[in-house]
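A short worksheet on the structure shown next.
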Amino acid sequence: MFYTIFSIVIILLGLMLVYAALRLLARRHWLMGFLRGLVGLGLLVLALMLALAALDLFSYRQMAQEEPVATLSLRQLGDQRFKATLVHSSGEEETFELRGDQWQLDARVIKWQGFLGGLGIKPGYRLDRLSGRYYTLNDERNAERTVYSLEHRTWGPDVWALIHRHPDWFPVVDARYGSATFVPMADNALFEVRLSSSGLLARPLNEPARQALSVWD
């Protein structure tokens, strides 16, 4: 809810800038009109960037203390080949073919610090990518790799990447990766992925998943 409200506030700010820009552009007088035109166009560009940033933030979900973010089911297609069905907490379903012996799910996490963190604002997250990995180094170097992006990119600034690259610019917010450690793949295995403040956790939901983890251990 916070990220939805935050996005709406940014959009409203952008609309105010558009209104101010149109008022400036509508006025006459050559020199002042030219200067106002430059300022007005600048405000329009800034408003557009804010709107696109708001759309990017809108794709993040607020995280509770620990909550399920997805389930992953596996069906073996062949030697080191699996069909992976990822079901998001929203109910959206995606299917991938993974190569290897293990799978990993990554998420982008935005955490609030300082004053905003003290207000109790929860971190936000967005699932980022799903990948497979081989157990042996030889396979990892020579066999086919599979990595899938889970992002739904918008036209405009990538807010998470901007914060991640320039942390000094944003002292009240932290952008980091949350990753589930590589989890073994097995036929008919079903896992639940939960997100906590320390990262992603994969938990077995049926017997094939529990057996795969026990054998791996």
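Worth a mention:
- Arg203-Thr95 pseudo-label distance in nm [points 7 Å out on the Cα-to-Cβ vector]: 2.8
- With every protein chain in place and a 1.4 angstrom probe, the accessible-area ranking of Thr95, Thr146, largest first, reads Thr95, Thr146.
- Taking amide hydrogens as placed 1.01 Å from N in the peptide plane, the amide H of Asp101 sits under 5 Å from those of Arg133, Tyr134, Tyr135, each at least 5 positions away in sequence or on another chain.
- Ser196-Tyr135 FRET efficiency (beta carbon distance; Förster radius 35 Å; 0.05 resolution): 0.85
- Extension gain, Glu151 back to Leu38 (0.36 nm per residue minus Cα-Cα distance, nm): 37.1 nm
The values are calculated or read from the model by the stated rules, or taken from the named source; none is laboratory data. Here the structure is a predicted model, which means the values were calculated and not measured. FYI the Cβ positions are ideal-geometry reconstructions off the backbone, even for glycines, and counts take in every protein chain you see. Accessible surface areas use protein heavy atoms only, side chains included; no ligands, DNA or RNA. Shrake-Rupley method; radii C 1.70, N 1.55, O 1.52, S 1.80 Å.
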